[in-house]
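**Q** I have a structure here, written as structure tokens, and I will follow up with some questions on it.
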Amino acid sequence: GGGRDIYLTQVGVAAPVRLSDSAGADDMNPAWSPDGTRIAFLRRHDPERFDVMVVPAVGGDARRMYTGRMYWISVEGSPLLAWTPDGQHLLFTTVRNAGSSTAGYGLHRFTLATGKVEDLGLGDGTRFYDTSPAISQDGRWLAFTRYTRGQRLTQVMLQPLDRDFDAVGSAQPVPGLEPGIHHSLHWSSSGDRLWFSNSSQIFEW
């Protein structure tokens, strides 16, 4: 019908269940909440505009939580949103200083209970574009990919976090890793390994 929707299938059951109705938009980048009861996803209306949506994993009405703007290169940066381990916040990239001459993009933290959106303040949003967030299960580390404006290759970055998921110090690149098209970042349950893809290869750090 001209759009993409989110489906869920139970292992061993043939028929998938449709969870969203995009009405011609593109529903994409589903992310499970830590307790498995909710799925967050992005509803992309055009190359720039998106909604952050949350739907019960058992089915029901999808709620629009936030409307933001993305940069065109986001299509290569999956996953585009991540839950904090306590299930209270979502991380995603949207525009900074909308409407100003210094508008850039950066990772933001959205609080589901209040609707508050906060810029994590990572790097220079006019020079860098950060996306693909992944938070370790102990909440101590945020991994993400960083584009430098005008370049297509990325670095995988590591950012220490405090108990409130605020950045502590500055982000540093994964040592010994050459720039590439990195995406699909995922922490091990123990938090001592990070997996990610680069082109057709899967890496472990």
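The values are calculated or read from the model by the stated rules, or taken from the named source; none is laboratory data. Not measured: the values here are computed from a predicted model. Cβ sites come from the backbone with ideal geometry, for glycine too, and all protein chains shown count toward neighbours. With ligands, DNA and RNA removed, areas are computed over all heavy atoms of the protein, side chains included. Shrake-Rupley method; radii C 1.70, N 1.55, O 1.52, S 1.80 Å.
**Q** Of everything in region 1-49 that's among the aromatic types (Phe, Trp, Tyr) and within 14 Å of the chain's Cα centre (by Cα), which residue is farthest from Tyr71 (Cα to Cα)?
**A** Selected residue: Trp32.
**Q** For region 141-161, enumerate the residues that are of a type outside the set (Val, Ile, Thr) and open to solvent by less than 60 Å² (accessible area, probe 1.4 Å).
**A** Result: Leu142, Ala143, Phe144, Arg146, Tyr147, Gln155, Met157, Leu158, Gln159, Pro160, Leu161.
**Q** Moving on to the next point. So, in region 179-194, of the ones that are open to solvent by 90 Å² or more (accessible area, probe 1.4 Å) and touching a strand residue (DSSP E or B) at 6+ places or on another chain (Cβ under 9 Å), which residue ends up nearest to Gly87 (Cα to Cα)?
**A** His186
**Q** I would also like to ask the following. Filter the strands (runs of 3 or more DSSP E) completely within region 123-205 down to those with at least 1 residues that are out of contact with any Phe, Trp or Tyr (no Cβ under 9 Å at 6 or more places or on another chain) and of a type in the set (A, V, I, L, M, F, W, C). Let's see the steps before the verdict.
**A** Details: elements: 128-135, 141-148, 154-160, 182-187, 194-198, 201-204.
Filter on region 123-205 gives 141-148.
Residue by residue, here is whether (1) open to solvent by 80 Å² or more (accessible area, probe 1.4 Å); (2) at pLDDT 90 or above; (3) part of a strand (DSSP E or B) holds:
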{"site": "Gly24", "(1), (2), (3)": "no, no, no"}
{"site": "Asn29", "(1), (2), (3)": "no, yes, yes"}
{"site": "Gly36", "(1), (2), (3)": "no, yes, no"}
{"site": "Pro47", "(1), (2), (3)": "yes, no, no"}
{"site": "Phe50", "(1), (2), (3)": "no, yes, yes"}
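**Q** Among the residues of region 101-122, are any surrounded by 12 or more Cβ atoms within 10 Å (Cβ to Cβ), on the phi > 0 side of the Ramachandran plot and in a loop (DSSP other than H, G, I, E, B)?
**A** yes
**Q** Another question, if that's okay. Name the residue, out of Val58, Val95, that is at pLDDT below 95 and open to solvent by 40 Å² or more (accessible area, probe 1.4 Å).
**A** When all the criteria are applied, what remains is Val58.
**Q** Anything in region 1-18 that is part of a loop (DSSP other than H, G, I, E, B), more than 19 Å from Trp83 (Cα to Cα) and in contact (Cβ under 8 Å) with a residue 24 or more places away in the chain? List them, or say none.
**A** Of everything in region 1-18, just one residue is part of a loop (DSSP other than H, G, I, E, B), more than 19 Å from Trp83 (Cα to Cα) and in contact (Cβ under 8 Å) with a residue 24 or more places away in the chain, namely Gly3.
**Q** With the requirement that a residue be open to solvent by 40 Å² or more (accessible area, probe 1.4 Å) and not charged (D, E, K, R), what does region 123-136 give you?
**A** Those that are open to solvent by 40 Å² or more (accessible area, probe 1.4 Å) and not charged (D, E, K, R): Gly123, Thr126.
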